[in-house]
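> Here it is: the structure, laid out below.
Bear in mind these aren't lab numbers, they're just calculated from the coordinates by the rules spelled out. Fair warning: this is a prediction, and the values are worked out from it, not measured in the lab. Note that we place each Cβ from the backbone using ideal geometry, even for glycine, and neighbour counts take in every protein chain shown.
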Amino acid sequence: MLRPGNAGSFTAADHIDVLRAAFAQIPAGWRTDVLVSIDGAGASHDVIDHLTSLNTAPEHGARGRRVEYSIGWPVDDRTLAAIGALGEDHWCDAVDTDGNVDVNAQVADLTGILRHGKDGDRLPTWPTSMRVIARRTPRPVDKPAKLGEHPDYEYGAFATNTPAGQIQFLDARHRTQAHVEDRMKQVKACGARNLPSIDYGRNAAWLQLAALAVSLTAWLRHIALDGDLATAATKTLRLRILSAPARLVTHARRRTLKIPPGWRWAPDIADGWDRLQALHPA
């Protein structure tokens, strides 16, 4: 979805347009329980208010739609003041996505301090269902603190409306959002790194084709490939699979994939071809 070059990253209207398009792509039967994950660019009133309005489960129970979010939260003066009010016993060890303890990170819930601290409610205009959770990691020895930063720790935070669950697992859930950066690398590798024209419409079409290529290669990994190729980058797939000097021939109403015997990754291609044929022989 192309935007003008001067468009800002915190443009809530654009975020909401993307969210509406994303929801429209989800089959109706699967829209009843949705988690939206956004980085810090989504931490705006309009975006969070929009997601809150979609979350009708609290009022209607099973008949409503559950829309939860996990959005990066700015570590600004307000957040740092709440972190400063925490004691060491308020921090607990974080966990990774497999549930193992991460001894190099701790998490803490800031919502109570931000809502009911000595300075009063510092989130008065935000939805009451929103929680803010902080994360800290030891500052690398080769990374000196800037003016106003803590000398020993680096901090991050995120906002969520998930009402229950241990904050360690909410933090681990939020950090899975980092895979979006990997997908952006794939989009660039499929052609979005350099747009071909000065014409807006042509570039928009080019970007759609790049996104389609990402989707097709994602499905290829998912249903046809295994081992390291199942998680390989687009550059690797291009080298091993897509650029193979193979031919698809038809004889006696049968399709045959001919691969040169000297091609190093011929077994991977053959295995993937067999899986695809098993799914859809025609």
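> What full-extension length gain, to one decimal in nm, is calculated for Thr231 and Ala270 as 0.36 nm per residue of separation minus the Cα-Cα distance? Don't skip to the end; give the middle numbers.
Values: separation 39, 0.36 × 39 = 14.04 nm, distance 1.79 nm.
Length difference between fully extended and current span is 12.2 nm.
> Continuing with the same structure: Give me, ordered by chain and number, the residues 5 or more places off Gly117 or on other chains with an amide H under 5 Å from its own placed amide H.
For Gly117, the qualifying residues are Arg122.
> Another question about this same structure. Students often forget the sequence filter, so: which aspartates and glutamates lie under 15 Å Cα-Cα from Lys143 once same-chain residues fewer than 8 apart are removed?
The reachable aspartates and glutamates, counting only those whose Cα sits under 15 Å from Lys143, are Asp152, Glu154.
> Taking amide H positions as placed 1.01 Å from N in the peptide plane, with prolines and chain starts having none, which residues 5 or more places from Glu154, or on another chain, fall under 5 Å of its amide H?
Residues meeting the amide H criterion: Thr137, Arg139.
> Right, another one. In the range 33-81, which trypsin sites (Lys or Arg not before Pro) fall in coil by DSSP and have 12 or fewer other Cβ atoms within 10 Å?
Values: sites: Arg63, Arg65, Arg66, Arg78; in loops: Arg65.
Qualifying residues, ordered by number: none.
> Hey, another quick one. Assuming R0 = 22 Å, what is the FRET efficiency of Phe23 and Leu212, from their Cβ-Cβ distance, to the nearest 0.05? It would help to have the intermediate numbers written out before the result.
Numbers: r = 20 Å, r/R0 = 0.91.
In this case the efficiency is close to 0.65.
> About the Cα centre of the range 190-282, how large is the charge dipole given +1 on each Lys and Arg Cβ and -1 on each Asp and Glu Cβ? Please answer in debye to the nearest 20. Present the calculation step by step, with values, prior to reporting the outcome.
Working: 13 positive and 6 negative charges, 64 e Å.
In debye, rounded to 20, the range 190-282 gives about 300.
> Further question on the same structure: With only Lys, Arg, Asp and Glu charged, each at its Cβ (+1 for the first two, -1 for the last two), find how big the charge dipole of the chain is about the Cα centre; round to the nearest 20 debye.
Details: 34 positive and 32 negative charges, 368 e Å.
Here the size comes out at about 1760 debye.
> Which percent, nearest 5, of DSSP beta bridges in the range 12-177 are antiparallel?
Working: 20 of 26 bridges.
Close to 75 percent.
> Let me ask you something else. Once the chain is represented by equal point scatterers at the alpha-carbon sites, with solvent omitted, what log10 I(q)/I(0) does the Debye formula produce at q = 0.07, 0.13, 0.14, 0.16 Å⁻¹?
-0.39, -1.09, -1.18, -1.32
> For Ser37, enumerate residues with amide H under 5 Å from its amide H, sequence gap 5+ or separate chain, H modeled in the peptide plane.
Ser70
> Would you list, by chain and number, the aspartates and glutamates whose Cα falls below 20 Å from the Cα of Lys185, excluding same-chain residues fewer than 8 positions away?
Asp39, Asp228
> Then there is this: Would you give the gap between the C-alpha center of the range 205-282 and the C-alpha center of the range 5-49, rounded to a whole Å?
Centre-to-centre (Cα) distance: 33 Å.
> Further question: So what is the calculated 222 nm ellipticity per residue for the chain, using -39500 (n - 2.57) for each DSSP H run with n of 4 or more, over all residues, to the nearest 500 deg cm²/dmol? Can you show the working numbers first?
Details: 10 runs with 103 residues, N = 282.
Theoretical 222 nm ellipticity from helices: -11000 deg cm²/dmol.
> Give the cross-link partners of Lys188 among the lysines, using a straight C-alpha distance below 19 Å as the criterion and excluding same-chain residues fewer than 8 apart.
Counting by Cα, and skipping residues close in sequence, Lys188 has these lysines nearby: Lys235.
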